[in-house]
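Some notes on the structure that comes next.
The values are calculated or read from the model by the stated rules, or taken from the named source; none is laboratory data. Since the structure is predicted, the reported quantities are computational estimates derived from the model, not experimental observations. Backbone-built Cβ (ideal geometry, glycine too); neighbour counts: all protein chains shown.
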Amino acid sequence: MESSISNTLNRELSTKEAALLLGLSPSTLRKWRCTKEQPDLPWIKRFRKIFYLESEVLAFKQANTHQSSREIYI
């Protein structure tokens, strides 16, 4: 069971899939790659395609998500 969970989290995502998971547009991720604006979000280039590991995208999202105390609703 653990190996299927780790395989799922290490799934390779396309730029479009990673952007959807982060709530961004694919062009934002392309810009970040070209300008090296977000070096904490690693990507892989294989042949002419770009991939992101799902586990790294989720870790990046968690590390860069901030919640204000005013935004918490009870």
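One table, with the values for the structure above:
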read-out: Top-ranked residue in the range 1-19 [being among the aliphatic types (A, V, I, L, M) and surrounded by fewer than 11 Cβ atoms within 10 Å (Cβ to Cβ); ranked as modelled with the lowest pLDDT]; value: M1
read-out: Tabulated pairs, the range 14-39, first under 18 Å from L53 (Cβ atoms), second surrounded by 14 or more Cβ atoms within 10 Å (Cβ to Cβ) and of a type in the set (G, A, S), C-beta under 6 angstrom, 6+ apart or interchain; value: P26/A19; L29/A19
